[in-house]
Number of protein chains: 4
Amino acid sequence: MNTFGRQLRMTTFGESHGKALGCVLDGVPAGLAIDEAFIQSELDRRRPGTSALTTARKEADRVEILSGVFEGYSTGTPIAMVIFNADQKSRDYTNIKDLFRPGHADYTYHQKYGIRDYRGGGRSSARETAARVAAGAIAQLMLRTMGITVRSGVTEIDGIEATMYDWEYARTSPLLALDPTQAPAQEAAILAAKAEHDSVGGAVLTEALGVPAGLGEPLYYKLDAVLADAMMGINAVKAVEIGDGAAAARLHGSANNDPLTSEGFETNHSGGILGGISNGDTIRIKSYFKPTPSIFQPQQTIDTDGHPATLELKGRHDPCVAIRGAVVTEAMMALVLGDMALLNLGRRMEHLTKIYG
Amino acid sequence: MNTFGRQLRMTTFGESHGKALGCVLDGVPAGLAIDEAFIQSELDRRRPGTSALTTARKEADRVEILSGVFEGYSTGTPIAMVIFNADQKSRDYTNIKDLFRPGHADYTYHQKYGIRDYRGGGRSSARETAARVAAGAIAQLMLRTMGITVRSGVTEIDGIEATMYDWEYARTSPLLALDPTQAPAQEAAILAAKAEHDSVGGAVLTEALGVPAGLGEPLYYKLDAVLADAMMGINAVKAVEIGDGAAAARLHGSANNDPLTSEGFETNHSGGILGGISNGDTIRIKSYFKPTPSIFQPQQTIDTDGHPATLELKGRHDPCVAIRGAVVTEAMMALVLGDMALLNLGRRMEHLTKIYG
Amino acid sequence: MNTFGRQLRMTTFGESHGKALGCVLDGVPAGLAIDEAFIQSELDRRRPGTSALTTARKEADRVEILSGVFEGYSTGTPIAMVIFNADQKSRDYTNIKDLFRPGHADYTYHQKYGIRDYRGGGRSSARETAARVAAGAIAQLMLRTMGITVRSGVTEIDGIEATMYDWEYARTSPLLALDPTQAPAQEAAILAAKAEHDSVGGAVLTEALGVPAGLGEPLYYKLDAVLADAMMGINAVKAVEIGDGAAAARLHGSANNDPLTSEGFETNHSGGILGGISNGDTIRIKSYFKPTPSIFQPQQTIDTDGHPATLELKGRHDPCVAIRGAVVTEAMMALVLGDMALLNLGRRMEHLTKIYG
Amino acid sequence: MNTFGRQLRMTTFGESHGKALGCVLDGVPAGLAIDEAFIQSELDRRRPGTSALTTARKEADRVEILSGVFEGYSTGTPIAMVIFNADQKSRDYTNIKDLFRPGHADYTYHQKYGIRDYRGGGRSSARETAARVAAGAIAQLMLRTMGITVRSGVTEIDGIEATMYDWEYARTSPLLALDPTQAPAQEAAILAAKAEHDSVGGAVLTEALGVPAGLGEPLYYKLDAVLADAMMGINAVKAVEIGDGAAAARLHGSANNDPLTSEGFETNHSGGILGGISNGDTIRIKSYFKPTPSIFQPQQTIDTDGHPATLELKGRHDPCVAIRGAVVTEAMMALVLGDMALLNLGRRMEHLTKIYG
């Protein structure tokens, strides 16, 4: 249950404050040039401790490839990657050993397993997403050979929405913000909430360009359904929209249908997916992140015996998880598309002829 | 790729205008009383042709159980169910044999497979959801023994939103509407669009009550992620929200966190799920359906050779697919919860002791 | 758990004396010409009641395709096939309702599920293999386009072994015997056991010709391992050998290694598989079938309450299940190879380039 | 494709001469006491370099647990284990970089992937089985709480068969031999072949005691079929037998059927499995290992360009892989039974009642 994907399969392991976390990526075709610097650079984009907008926890997040790569190329065998935990500071968390943090997975892990690694959220910590980013980087390398690229940006923070999308700006913005005109207000909102020991939510748009028509598997591994699964599975995401999303439900069919022309679709309300299969247009998915549950105000809760208690959290947390979450959405998008590209092989008899001759 | 679930596994088959459609439901525990009348009654709720608000296509949708049930009880072997297609009217669709319908899966199936059953949407037709409803009904029977019930209702049509939820009303409303005060306006909107040969969208709230804490499998089979997959995989759904959904992204953490008390959670912003695991509160998920793509106005499109063409659809289609879609969301919710209930067995060593010990 | 395969996936359903049995075959590439007459002819080869060597139970075994085929070609959607049970004679089995048959699955199903369909073995009946043969026939059609053929023959009955292999003879022999010189003795052994109300065992060699090198997925979906799974999963099979099998364990490495030459392997001790991957040579697997457990002598057993009892079976059973089992081994071989052929697509980056350009 | 199991899932990674090898074991129930010393002791049993009967390659094989264990207990999250490669001696293998070794996976990996890690067999090396042994040890810990134990012993080497089974002797014998009276001759056969730079094959009996009736999933995850898969997937295994195996095919039904009594089965020809489900008796499976393909005589082969060549191997290899292979069969048996025990939970409605109340 810690494996994602069918043909391109990522299995992750590790807890926030254990020895290490990592992943095994299985199904990467043989002969892919593995650019380790790119993988590390993607991890660096997700890495915390780089600005006042993210947690002060410092993690080097150095990824080490243990297997599956030989003389710079994938061999077709599983690629294991590991990140050893350095800056663990377990003492920050001992005060929450017997208390459940509202909005967190503490309570549900405890109910499910009867035991939990309470250090920093253990397995439920967003730190696990580092493994996804490493695996997603390899998926991106694979997709690039097909002419597919993924990108993401923050569209909204604390209700302040982007009015335009500048993808170049997003790439270098500390907020990963898409709108340079709204970014200052968005940043101010984060800092204001942080000053009140509170947190804010946000939204992220993730796109894939250059996706050929035909990816996605009806009827129970549809591209949109699997993307929804991938995004909703990221910590703190509470809503996902494909294309126009909820707004489509307020249009009439005559306005929402994307007309076909000899040059392609005239509009892209659909977000590049029809019937669960890519239509050749840009894939667009929007993910909404709730405000970070770790806030530094006193909160009403219970202890593991069920008695009322007040929680006073210490430690270091992102005041807005959507920012670093954006990098994770790219990774998940890449993993889904890589999986779909492999699954789609063999969907026509002529594919077999092309490969087996 | 036509199988949904891991321990409770539904495999569906069949096309809109083929001989039959159906499903094989595998993993139902032995000893469940199979109430065939209930299964049929669920299909009858989904069945079209019952009012001006849904398609005029008449389908008896009589389900026949072929296997897996002996003397009224499940035996633990796969339960195959089949619905033979009666009212096929293939002639309605011959005019679209070589044209792609905007907003439909025609184009993408053609791109993916190089061949498609053009009769009534073939496999991509919403008619396939009848199989889901049959399987979901059995899942509901199983969940009932655990005290879990599912329900759904329409919250919004053509932008007209419910202001209150009356679940009793929803059960008998032809619209499955949750708000009796808005239902007349919602109905009028549908009929107005229909008169203009157009269609409308809508939204559906689906709930599960009585779900014990602990269901959902971290990290890549989370309850919220799989529900998002399940709902987004229903024809026409373009957005899904867990609990407060996108609205949560506009709250501060201090307002969004659900405080814990000795009696349970004080609020339910989370929609009953934390860290991908049920927390014992009501599960809430909202699904947004786009307007039916099949409209009866001339539309710009291309033919299978890529040449521009005008499409003039005939036939019978729901002016608002959200209504019948609501029944399908219940089925999918039940299948997900049934699967999670089975997967959760064995998550603690004490479970093994209880069964084997 | 009633699904076999990963990319070419067969899900079967049905009991011996239920309404129907059948299968859903998912993952067949679009564009395969579906020769229904061939599928039926394979079923006819497995069909009982054709000679004194098999059970007298008469089953028409007419297969009906319900979905997935349009205008004679596969569409890429699931192919459902059903065989309705005609000659059920449930009364033959009522005397065993409360008794366990030695050598049968009665006892274990009862222990596992607490309930069983006692009519003719229910789900555990060899009758279920009809569904495998239908699915395997489609897999064979797919493999043929790649130049792969499968074949099988009986090498041994009641300890009387073939001294030569005549594959042409096997195709028409009522015993499916490979050795025309031993067939009379083998037949006599069956009839002698039958006259004593007893049964005999046998062995079947199954081969695949024309398999390209490279099929099979290390390390936990190896070609030999999955073939072993496939064959051992056929009713009554108790041993499987790849290539020289157990005899290889008695050779020295210098004798057992197959030397490579520029024209291929000089010998084929390995049975065409090295490291779990096909090496381009003929795939050879041998399956050993135990004697039919249904014999017509009084047998010591217990009833469902655990009390000692004597079982006196009536009904109709094959005195040697290896004969009809041979046809099933071909089906399973074809399904495995079809699955492996699809899985192997995408194992090299150059495959993606060939398909996506 | 590097994952084994469904509910108890082992994913392995790593090459013989890469940085590390290891596994992620997912699905271990929470609350299992993890005895690290036992895991290491199982690895030590498999470890080479301990006698003249196995390879001289020295590997410390120290296993390190990276995740999934907290304060000595499993938490229900994935348990990652890693073994770093120390004694790599890559130079031993450079002479085979461009040659295919007869009987090895070199050729087939090259054909499949177009690239291979030629150092010591890379991923196809038996060294990978260390990861299986580590995972299998945890499965054994889990099974012990259910009263299930596994054991193995060598029954045959170079055609010299055991005439009696002494399980205590096997546990301490350097050969893991079951028969103290044959062990000297078996050892002599190995040393004689080794002196001639050759190798020998052997057979291993693996048993599970205390298995409750009801484990195994019809029809495509049968206990015997999955055990066959598990054993045939171990390097060098070419045949597997359940219970009496091939010998059963030479008996009449009246002799092969195991009579049932109120105290259980009177005999155990079946090897403890009927219809793919455990019957409560001892599970018995026999695996036949071919002679080690790595021999030190000149062998005829081809190079990667297809030209004839002579291979002269250097390096260190077991003259008989069956010995260390026996430890691996126990690990695989334990993994299969652990998986089946988890899958079986929920096969009856009363299981749900017991867990969910």
Surface accessible to a 1.4 Å probe, residue A:207 within the full protein complex, Å²: 10 Å²
Two-site FRET efficiency, residue A:181 against residue A:60, from Cβ-Cβ distance with R₀ of 22 Å, rounded to 0.05: 0.05
Accessible surface, per residue, of the range C:81-213 when the full set of protein chains is kept, probe 1.4 Å, Å²: 33 Å²
Estimated dipole of the protein assembly as shown in Debye, rounded to 20 [Cβ of Lys and Arg +1, of Asp and Glu -1, Cα centre]: 0 debye
Spin-label zone in the range D:275-296 - amide nitrogen under 20 Å from a point set 7 Å from the Cα of residue C:267 along the C-beta vector: D:288-296
Dipole of the range D:302-357, positive direction: furthest Cα of D:346, D:327, D:356, with charges on the beta-carbon: D:356
Loss of accessible area when D meets C, both sides summed, Å² nearest 100, probe 1.4 Å: 7900 Å²
Loop sites in the range C:79-185: trypsin sites (Lys or Arg not before Pro), DSSP, at most 10 other Cβ within 10 Å: none
Cβ-vector label at 7 Å, residue C:147, separations to other copies in nm: 3.2, 5.8, 6.6
Test item: Cα-centred dipole of the range C:3-356, Lys/Arg +1 and Asp/Glu -1 on Cβ, debye: 860 debye
Which of D:330, B:71 is most accessible, then next, and so on - probe 1.4 Å: B:71, D:330
Residue B:51/residue C:86 FRET efficiency (R0 41 Å; Cβ-Cβ; nearest 0.05): 0.50
The range B:3-356, relative contact order in percent, only Cα pairs under 8 angstrom and at least six apart counted: 22 percent
Computed E for residue B:195/residue B:312 - FRET, C-beta separation, R0 25 angstrom, nearest 0.05: 0.90
The range D:290-357 and the range A:231-299: distance between their alpha carbon centers, rounded to Å: 46 Å
Spatial extent of chain A: Rg and Dmax, with the Cα atoms as the point set, Å: 21.1, 70
Identity and axial distance of the chain B residue whose Cβ lies nearest the axis relating B to D, Å: B:345, 2
Net charge of neighbours whose Cβ lies under 9 Å from the Cβ of residue B:98, counting Lys and Arg as +1 and Asp and Glu as -1: -1
Label distances, nm, residue C:174 versus same residue in remaining copies, Cβ-directed 7 Å point: 6.0, 6.8, 8.9
Low-density loop cleavage sites - GluC sites (Glu not before Pro) in the range D:238-324, where at most 14 other Cβ are within 10 Å (DSSP): D:263, D:266, D:312
Inverse mean reciprocal Cα-Cα distance (Kirkwood Rh) of the protein assembly as shown, Å: 32.3 Å
Accessible area of residue A:17 in the full protein assembly, 1.4 Å probe (Å², nearest 10): 0 Å²
Nearest-first distances (nm) between copies at residue C:314, label 7 Å from Cα via Cβ: 6.1, 7.8, 8.4
Accessible surface of the range B:3-356 [probe 1.4 Å, protein heavy atoms]: carbon and sulfur percent: 50 percent
Partners for residue D:97 among lysines (Cα-Cα distance below 28 Å; same-chain residues under 8 apart left out): C:222, D:19, D:58, D:89, D:112, D:194, D:238, D:290, D:314
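The values are calculated or read from the model by the stated rules, or taken from the named source; none is laboratory data. In this text the structure is predicted, and so the values were computed from the model without any measurement. A quick note on method: Cβ atoms are made from the backbone with ideal geometry, for glycine too, and the neighbour counts reach across all protein chains shown. We work out accessible area using only protein heavy atoms, side chains counted, and drop any ligands, DNA or RNA first. Shrake-Rupley method; radii C 1.70, N 1.55, O 1.52, S 1.80 Å.
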